[in-house]
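Trainee: Below you will find the structure I want to go over with you.
The values are calculated or read from the model by the stated rules, or taken from the named source; none is laboratory data. Predicted, not measured: the structure shown is a model, and the values here were computed from it. With ideal geometry, Cβ positions are generated from the backbone for all residues, glycine too; neighbour counts draw on all protein chains shown.
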Amino acid sequence: MITRDAVEADLPAIVEIYNATVATRMVTAELEPTTVEARLPWFREHSSEHYPFWVAESEGRVIAWLDFKRFLPRGAYRGTAEISVYVDKEFRRRGVGQRLLEQAIARAPSLGITALVGLIFGHNEPSLKLFQRLGFERWGFFPGVAQLDGVQRDLVVMGQQCPPCSAAIFSIFATPSGPPCRSTSTTTRPGRPSGRPGTAWGYLRHHARTRSGSALTACQPFMMGVFLHRPSSQ
């Protein structure tokens, strides 16, 4: 699976994935399927520098998407972004949504985002558990605000503060052992540092799925400067 910036040519696949969730009454508050034409202005509101729109692709097929969008229009909220993630029904429960969310958490600080929020129906237990697993907390609760086929549904606001790059780097490298790494790979290529677990280099190479790891990934441009002079292969 690869993740890349979405382009307008992806919009039919994006809309198809979105429309498949409408009838479930679990994910979106839309009551009727939408169209590519109707979604084009919404798509064009995104930008890779501020509010990215990503697609996950497998073997040339778009299988999921995630977007950042403005939380509220007032200037004081400019550092807060809402994120949404949608996965093709054939690829659910395979970790695709989790990988996209992890990348969103990682990228947020470099976009100037200080907080991420997700708006999730109270009866959408899989999504609530996914966000909780990645460090989101319940920040708000709106009882019965949605009417879905005559049934009142609750809305839950899940949120997470995003650490600045400097704080993330300090927390990762403050201990002699360096950041944790879940990977067990020890592959080393000529001229490249070891990927041993438990080392900073292993962590950088394998992108451990931890909160500090997400922040480090967001700071990679800075880290490349710090580690410009890399150690020889061990």
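Trainee: Kindly indicate whether R94 is out of contact with any Gly (no Cβ under 8 Å at 6 or more places or on another chain) and part of a loop (DSSP other than H, G, I, E, B). First the steps, then the outcome.
Mentor: Details: out of contact with any Gly (no Cβ under 8 Å at 6 or more places or on another chain): yes; part of a loop (DSSP other than H, G, I, E, B): yes.
For R94, the condition - out of contact with any Gly (no Cβ under 8 Å at 6 or more places or on another chain) and part of a loop (DSSP other than H, G, I, E, B) - is met.
Trainee: Still on this structure: Kindly check whether there is at least one residue in the stretch 69-91 that is surrounded by fewer than 16 Cβ atoms within 10 Å (Cβ to Cβ), of a type in the set (D, E), modelled with pLDDT of 95 or more and not in a loop (DSSP other than H, G, I, E, B).
Mentor: Checking the stretch 69-91: not a single residue is surrounded by fewer than 16 Cβ atoms within 10 Å (Cβ to Cβ), of a type in the set (D, E), modelled with pLDDT of 95 or more and not in a loop (DSSP other than H, G, I, E, B).
Trainee: Taking the conditions exactly as written (in a loop (DSSP other than H, G, I, E, B), assigned by TED's automatic domain parsing to the domain that holds D67 and under 28 Å from P164 (Cβ atoms)), does I105 satisfy them or not? Lay out the reasoning, then the answer.
Mentor: Details: in a loop (DSSP other than H, G, I, E, B): no; assigned by TED's automatic domain parsing to the domain that holds D67: yes; under 28 Å from P164 (Cβ atoms): yes.
So I105 fails the test.
Trainee: Now for a different question. Can you pull out every residue in the stretch 108-123 that is within 13 Å of the chain's Cα centre (by Cα) and buried (at least 21 other Cβ atoms within 10 Å of the Cβ)?
Mentor: A108, P109, I113, L116, G118
One line per residue, one yes/no per condition, for (1) among the small types (G, A, S); (2) closer than 25 Å to V156 by Cβ:
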position: T34; (1), (2): no, yes
position: A38; (1), (2): yes, no
position: F53; (1), (2): no, yes
position: A64; (1), (2): yes, yes
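Trainee: Tell me whether the stretch 148-160 contains one or more residues that are at pLDDT 95 or above, crowded, with 18+ Cβ neighbours inside 10 Å and touching a helix residue (DSSP H, G or I) at 6+ places or on another chain (Cβ under 6 Å).
Mentor: yes
Trainee: One residue is enough: does the stretch 78-92 have a residue meeting the conditions assigned by TED's automatic domain parsing to the domain that holds A6 and farther than 25 Å from K129 by Cβ? Give the derivation first.
Mentor: Within the stretch 78-92, the subset assigned by TED's automatic domain parsing to the domain that holds A6 is 78-92.
From what's left, farther than 25 Å from K129 by Cβ: 78-79.
Yes - at least one qualifying residue is present in the stretch 78-92.
Trainee: Name the pairs whose Cβ atoms lie under 8 Å apart, with the first residue in the stretch 112-131 and under 22 Å from R70 (Cα atoms) and assigned by TED's automatic domain parsing to the domain that holds G95, the second basic (K, R) and surrounded by fewer than 19 Cβ atoms within 10 Å (Cβ to Cβ), and 6 or more positions between them or separate chains?
Mentor: If the second residue must be basic (K, R) and surrounded by fewer than 19 Cβ atoms within 10 Å (Cβ to Cβ), the pairs left are G112/R78.
Trainee: Across the stretch 4-28, what is the number of residues that are without any contact (Cβ under 8 Å) to a residue 24 or more places away in the chain, polar (S, T, N, Q) and surrounded by 14 or more Cβ atoms within 10 Å (Cβ to Cβ)?
Mentor: 2
Trainee: Scan L31, L66 and give me the residue that is touching a residue at least 12 places away in the same chain (Cβ under 8 Å), among the aliphatic types (A, V, I, L, M) and part of a strand (DSSP E or B).
Mentor: Details: L31 fails: part of a strand (DSSP E or B).
Result: L66 is the single residue among L31, L66 that is touching a residue at least 12 places away in the same chain (Cβ under 8 Å), among the aliphatic types (A, V, I, L, M) and part of a strand (DSSP E or B).
Trainee: Note down all Cβ pairs under 6 Å where the first residue falls in the stretch 73-88 and is closer than 24 Å to V27 by Cα and free of Cβ contacts under 8 Å to residues at least 40 places away in the same chain, the second is surrounded by fewer than 17 Cβ atoms within 10 Å (Cβ to Cβ) and of a type outside the set (F, W, Y), and they're at least six residues apart or on different chains.
Mentor: Once the first residue is closer than 24 Å to V27 by Cα and free of Cβ contacts under 8 Å to residues at least 40 places away in the same chain and sits in the stretch 73-88, its partners that are surrounded by fewer than 17 Cβ atoms within 10 Å (Cβ to Cβ) and of a type outside the set (F, W, Y) give T80/A115; E82/K69.
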